[in-house]
1. Does LEU96 qualify as being open to solvent by less than 20 Å² (accessible area, probe 1.4 Å), closer than 21 Å to LEU6 by Cα and part of a loop (DSSP other than H, G, I, E, B)?
2. May I ask you to verify whether THR120 is hydroxyl-bearing (Ser, Thr, Tyr), exposed (fewer than 14 other Cβ atoms within 10 Å of the Cβ) and out of contact with any His (no Cβ under 6 Å at 6 or more places or on another chain)?
3. Please name all residue pairs, on different chains or six or more residues apart, with Cβ atoms under 6 Å, provided the first residue is in the range 18-43 and is within 21 Å of GLU117 (Cβ to Cβ) and the second residue is open to solvent by 60 Å² or more (accessible area, probe 1.4 Å).
Amino acid sequence: QEYTSLQDALAETDQDYDLVPTWIPDGYVLEEIIVDENPIQRVYIAVYDNNGKRLKITIRSYLDIDPEKVEVNDTLLEIYKLSGMEYYIFQNDLQLRVVWINSSYECYISGELTLEEIKTMINSIGKG
């Protein structure tokens, strides 16, 4: 099925979709929305492009269990706290990645972004 946004994909299959940033940095254009499901999880991915630079938002919805922790091998830059949530911001080469868990959702944002852009995206979650 074709979706026009990650919010639309989440709204169709899950009840809680206040997980997606409503602010995307200038220049990024939605390239594709991918929804994949297996017996353990449903995965939603939005891929954006800005002249070859990629931005990806991934949300994993676990169907039977809640994720307890996320394993990452990147360099932790900061734990950004907002509204009771902890967002783990990592550096991996030229890319920044933020990871957080909200109930049964494991969420990621990654791309060639600045720390300010990542935080602005986090601040826009649930502000639709």
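The values are calculated or read from the model by the stated rules, or taken from the named source; none is laboratory data. Just so you know, these numbers come straight off a predicted model, no measurement behind them. Cβ placement follows ideal geometry from the backbone for every residue including glycine, while neighbour counts extend to all protein chains displayed. When the accessible area is computed, the model is the full protein with side chains, heavy atoms only, and any ligands, DNA or RNA have been set aside. Shrake-Rupley method; radii C 1.70, N 1.55, O 1.52, S 1.80 Å.
1. no
2. no
3. THR22/LYS127; THR22/GLY128
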